[in-house]
1. Taking 0.36 nm per residue of sequence separation and subtracting the Cα-Cα distance, how much length would be gained by fully extending the chain between Glu126 and Ala60, in nm to one decimal?
2. Check each of the trypsin sites (Lys or Arg not before Pro) in segment 1-86 and keep only those in coil by DSSP with at most 14 other C-beta atoms within 10 angstrom; list them in order.
3. Name the shape class, rounded, prolate or oblate, that the alpha-carbon gyration tensor gives for segment 92-138, where a ≥ b ≥ c are the square roots of its eigenvalues, rounded holds for a/c under 1.5, and otherwise prolate holds if a/b is larger than b/c and oblate otherwise.
4. Kindly rank 189-199, 170-180 from highest to lowest mean number of other beta carbons found within 10 Å of each residue.
5. With a 10 Å Cβ neighbour count serving as the proxy for reagent exposure, in which order, fewest first, do His131, His117, His96 appear?
6. For a label point 7 Å from the Cα of Ala28 along Cα→C-beta, name the residues of segment 81-96 whose backbone N is under 19 Å from it.
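Quick note: the coordinates plus some simple rules give every number you see, no bench work behind them. All values derive from a computational prediction rather than experimental measurement. Because the Cβ atoms are built from the backbone with ideal geometry, glycine has one as well, and the counts that use them run over all protein chains shown.
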Amino acid sequence: MSDLLQGKTPIRARHIRPGQGQSIEVEAGQFLQIETVQGKQVADFVAFRRQDTGEFLSTAATRSTNANIVPQLGMTLYSNRRQPMFEIVEDTVGRHDMLYACCDPVRYEMLGAEPGHASCRAALTEALAEHGIGYDRIPDPVNWFMNVSIQQRGELEIREPLAEAGDYVLLRAVEDAIAAVSACPQDMGATNASNPTDLVVRVYRDAPLPGAPAVQAGTLADEDQAAASAEGSEAPEDASVTVKAATIDAAPTPSAAAEPRSASVSSGDAAAYGRPAKLSDTAEASVIRVERSDAGR
Ligand SMILES: [Zn+2]
């Protein structure tokens with residue numbers, strides 16, 4: 001476990017299977033973690049301001065404000081009103097996309113899939129129905145772990161994700177938000193290495209809880225236990241999630257222990273964030289740097 005997550009308690013979690021979407025609420029100052037369980041799985045991510053869902057995470061505003069087409073460690077993600085919504089505070093991969101639209105039924109029809117193929121857009125619509133957000137209001141997503149190669153003349157090529165089992169991104173919420181995540185079911189190309197797999201999403205509060213509840217058996221629950229989330233209560237909403245956290249505290253995950261790939265592991269200071277090793281390892285990273293220096297002129 002990284003220093004950033006040390007001492008923080010997951011209060012909410014979602015296990016998302018390919019073709020499924022889940023929404024999850026996160027308050028300002030809390031942390032949202034999106035993890036590819038087996039690796040090489042894209043997470044389509046959208047978010048809305050909780051108090052006014054007319055404001056949502058905008059990839060266009062994020063690209064222009066950062067003058068960058070790829071989500072990067074230390075970057076702020078902006079809304080369609082150009083207000084900060086999230087900060088990328090940790091990233092064990094270093095390669096994501098915010099150019100591609102969600103996969104949707106029309107896209108699969110174009111690709112010759114059988115009718116009824118699951119899609120991120122349908123999954124996100126289902127996940128956000130309880131918040132009154134329909135199909136036509138699903139914004140263009142940030143596609144965590146999606147590996148899009150950008151060529152010199154702007155051609156795009158989807159490659160297998162660089163993310164391995166247990167890789168994740170960690171966001172700090174600047175505003176209270178409703179986020180939704182879909183485990184992309186694209187199985188007709190390299191997007192998910194032709195084999196869509198599961199994601200886990202967790203929300204962490206910023207301080208440890210004073211007393212952990214009694215241990216319950218089981219793995220990550222798909223749903224919050226609403227009864228445990230009474231206002232003012234310090235009990236976590238899902239006891240089984242706390243069990244998972246305790247396990248992590250006692251024994252760091254193998255991937256974190258074996259190879260700390262992010263420069264942020266020993267620092268909470270955004271200014272100290274470095275380029276993750278994986279991005280610098282990719283051939284197209286140099287193309288992106290060229291484009292950035294051009295844009296600065
Ligand atoms: Zn998809």
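1. Values: separation 66, 0.36 × 66 = 23.76 nm, distance 2.41 nm.
Stretched out fully, the Glu126 to Ala60 stretch lengthens by 21.4 nm.
2. Answer in residue order: Arg81, Arg82.
3. Values: a/c = 2.16, a/b = 1.04, b/c = 2.07.
Verdict is oblate for segment 92-138.
4. Numbers: 189-199: 18.4, 170-180: 22.7.
Most protected by this proxy first, the peptides run 170-180, 189-199.
5. On the way: His131 15, His117 19, His96 25.
Going from sparsest to densest Cβ surroundings: His131, His117, His96.
6. 81-89
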